[in-house]
Amino acid sequence: GAGVSQSPSNKVTEKGKDVELRCDPISGHTALYWYRQRLGQGLEFLIYFQGNSAPDKSGLPSDRFSAERTGESVSTLTIQRTQQEDSAVYLCASSLSGDLRNEQFFGPGTRLTVL
Amino acid sequence: QKEVEQDPGPLSVPEGAIVSLNCTYSNSAFQYFMWYRQYSRKGPELLMYTYSSGNKEDGRFTAQVDKSSKYISLFIRDSQPSDSATYLCAMSLGGFYGNNRLAFGKGNQVVVIP
């Protein structure tokens, strides 16, 4: 079956512009995570969605970052007034709720470059 | 102190050599320990998964966890050029529900030279 998909694969934007990144999780996966991977750094947790529960936003680095998820499907990550330090690969992952092992399946990521 | 430490230095080995990677961590509540493999321009894919302390072997790959030392390792035997990738250690608190966010190390880029 289809894996996690993300779009766009690459995004180049100018400092100060807003960007929207999209994630389509695996069908049936109720848990969805966003991570950020900056050059030379490990993946950093950003936000977690589980079904219709309130998201865990504890990893968002500033109020310029926000995310939404429609039910148990598509999620969008929005970065307002982008800064150069926002340049990174943004990865989305989904997993089955109730999976003790919590295997997270990752998409290919969106490579964001802020000029 | 970061939750997970992984010396991010690149590693070049000749084909057939043993590759040894390791991570240390600070949060003693972590229960689930994973190694992800990430090819260039791709998302990470789960390679090995271990619960609590112990060893796990899968083909040429062996994962070890020592919770008393807060230290995990990955060994790749008879390394192949196709093993060339970045290897990321990751860990989580686990549990059936709730935020099981993964805490990652920085990753090691491994190059296996034919």
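The values are calculated or read from the model by the stated rules, or taken from the named source; none is laboratory data. Note that the coordinates shown come from a computational prediction; the quantities given were computed from them, not determined experimentally. Cβ: placed from backbone, ideal geometry, glycine included. Neighbour counts: every protein chain shown. To get the accessible areas, we keep the full protein, side chains included, count just its heavy atoms, and leave off ligands, DNA and RNA. Shrake-Rupley method; radii C 1.70, N 1.55, O 1.52, S 1.80 Å.
The C-beta contact set for region A:103-114 (first residue among the aromatic types (Phe, Trp, Tyr), second residue open to solvent by 30 Å² or more (accessible area, probe 1.4 Å), distance under 9 angstrom, 6+ apart or interchain) comprises A:105/A:3; A:105/A:26; A:105/B:45; A:105/B:46; A:106/A:3; A:106/B:42; A:106/B:45; A:106/B:46.
One line per residue, one yes/no per condition, for (1) modelled with pLDDT under 95; (2) open to solvent by less than 40 Å² (accessible area, probe 1.4 Å); (3) over 30 Å from residue A:10 (Cα atoms):
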| residue | (1), (2), (3) |
| --- | --- |
| B:1 | yes, no, yes |
| B:5 | yes, no, no |
| B:52 | yes, yes, yes |
| B:63 | no, yes, yes |
| B:78 | no, no, yes |
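Only one of the listed residues (B:102, B:74) is surrounded by 20 or more Cβ atoms within 10 Å (Cβ to Cβ), in contact with a Phe, Trp or Tyr (Cβ under 8 Å, 6 or more places away or on another chain), under 19 Å from residue B:57 (Cα atoms) and not acidic (Asp, Glu). That residue is B:74.
Taking the condition within 11 Å of chain B (Cβ to nearest Cβ), closer than 26 Å to residue B:30 by Cβ, open to solvent by 10 Å² or more (accessible area, probe 1.4 Å) and touching a strand residue (DSSP E or B) at 6+ places or on another chain (Cβ under 8 Å), does residue A:53 pass? Answer is no for this residue.
Those strands (runs of 3 or more DSSP E) of region B:1-78 in which at least 2 residues are over 30 Å from residue A:111 (Cα atoms) and touching a residue at least 24 places away in the same chain (Cβ under 8 Å), considering only elements entirely within it, cover B:61-66, B:71-76.
Evaluate the following for residue A:86: is it farther than 14 Å from residue B:102 by Cα and free of Cβ contacts under 8 Å to residues at least 60 places away in the same chain? Against the criterion (farther than 14 Å from residue B:102 by Cα and free of Cβ contacts under 8 Å to residues at least 60 places away in the same chain), residue A:86 qualifies. For region B:73-114, the set of residues classified as aliphatic (A, V, I, L, M) and either within 14 Å of chain A (Cβ to nearest Cβ) or in contact with a Gly (Cβ under 7 Å, 6 or more places away or on another chain) (or both) consists of B:85, B:88, B:90, B:91, B:93, B:102, B:103, listed by residue number.
Residues in region A:57-67 that are more than 18 Å from residue A:114 (Cα to Cα) and either touching an Asp or Glu at 6+ places or on another chain (Cβ under 6 Å) or in a strand (DSSP E or B) (or both): A:67 alone. Screening residue A:67 on (1) more than 13 Å from residue A:47 (Cα to Cα); (2) touching a Pro at 6+ places or on another chain (Cβ under 8 Å); (3) buried (at least 18 other Cβ atoms within 10 Å of the Cβ) shows it passes everything except condition (1). Might you let me know whether region A:96-115 holds any residue that is assigned to a strand (DSSP E or B), within 11 Å of the chain's Cα centre (by Cα) and closer than 26 Å to residue B:47 by Cβ? Within region A:96-115 (the criterion being assigned to a strand (DSSP E or B), within 11 Å of the chain's Cα centre (by Cα) and closer than 26 Å to residue B:47 by Cβ), the answer is yes, since at least one residue qualifies. Name the residues in region A:5-42 that are under 24 Å from residue B:88 (Cβ atoms), open to solvent by less than 40 Å² (accessible area, probe 1.4 Å) and over 11 Å from the mean Cα position of the chain (by Cα), would you? Passing the criteria: A:26, A:29, A:31, A:42. Residues that are under 10 Å from the mean Cα position of the chain (by Cα) and either within 14 Å of chain B (Cβ to nearest Cβ) or outside any strand (DSSP E or B) (or both) within region A:68-93 comprise A:89, A:90, A:91, A:92, A:93, listed in sequence order.
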